[in-house]
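Working notes, beginning with the structure itself.
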Amino acid sequence: GACHLKHDVFAADMEDQTGRGKAKPCKESQDLISMIDSTGLCLFTTCAWGAEDFHRQIDAACEGEWTVERLLETGERIWNLERQFNNAAGFTAKDDSLPKRLLEQPAPSGTAKGRVSELDTMLPEYYALRGWDTDGVPSAETLRRLGLA
């Protein structure tokens, strides 16, 4: 389900009220937050600091060459490990949903007034960016690329 500690896409440009283009900032934010969470750093600092800031801190504190790319790939690896765990526990794409109200009842006010969530458009885009199949399972290629196979 939704959790403010798993990503923070509120900083991304969401002027377009359609579902198009929302998957990429969501994935990037999830990858960064997963990595930051694994370090023990406060997640609320992601409101002020970006990947570049965290990369410098982690590179200074840990041995190894910590680039922004490595930081995000590590977060992506964590996200996929968690997904594999959830898949093994029986969770599938059918569980990646929203409350019925958000899918069927148009928003009564605000910038999304009259609209419902376009999850049916956004979820396939998100799965494709993640390298998952249509049931939300990481592909063999994704697992190999991340060193998880």
Mind putting a number on the dipole of segment 19-145 about its Cα centre? Charges go on the C-beta only, +1 for Lys and Arg and -1 for Asp and Glu, and I need it in Debye to the nearest 20.
560 debye
Quick shape summary for segment 46-85, equivalent ellipsoid via Cα gyration tensor, semi-axes whole Å in descending order, reads 20, 13, 8
Between segment 82-149 and segment 23-53, the Cα center-to-center distance that results, in Å:
19 Å
Positive dipole terminus of the chain, leading residue within Leu148, Phe44, Ala112 (C-beta point charges)
Ala112
At R0 = 30 Å, FRET efficiency that the Cβ-Cβ distance of Asp95 and Leu41 yields, to 0.05
0.55
Quick one: which residues, 5 or more positions from Trp132 or on another chain, have an amide H under 5 Å from its amide H? H modelled 1.01 Å from N in the peptide plane, none for Pro or chain starts.
Ser139
Given points 7 Å out from each Cα along the Cα-Cβ axis, report the Leu119 to Thr67 separation in nanometres with one decimal.
3.8 nm
Evaluate 2.2 N^0.38 Å with N set to the residue count of segment 19-145, then give the Cα radius of gyration divided by it.
1.22
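Read the figures in this text as sums done on the coordinates, not as results from a lab. Keep in mind the model is a prediction, meaning the values are calculated, not measured. Note that each Cβ is placed from the backbone with ideal geometry, even for glycine, and that neighbours are counted across all protein chains shown.
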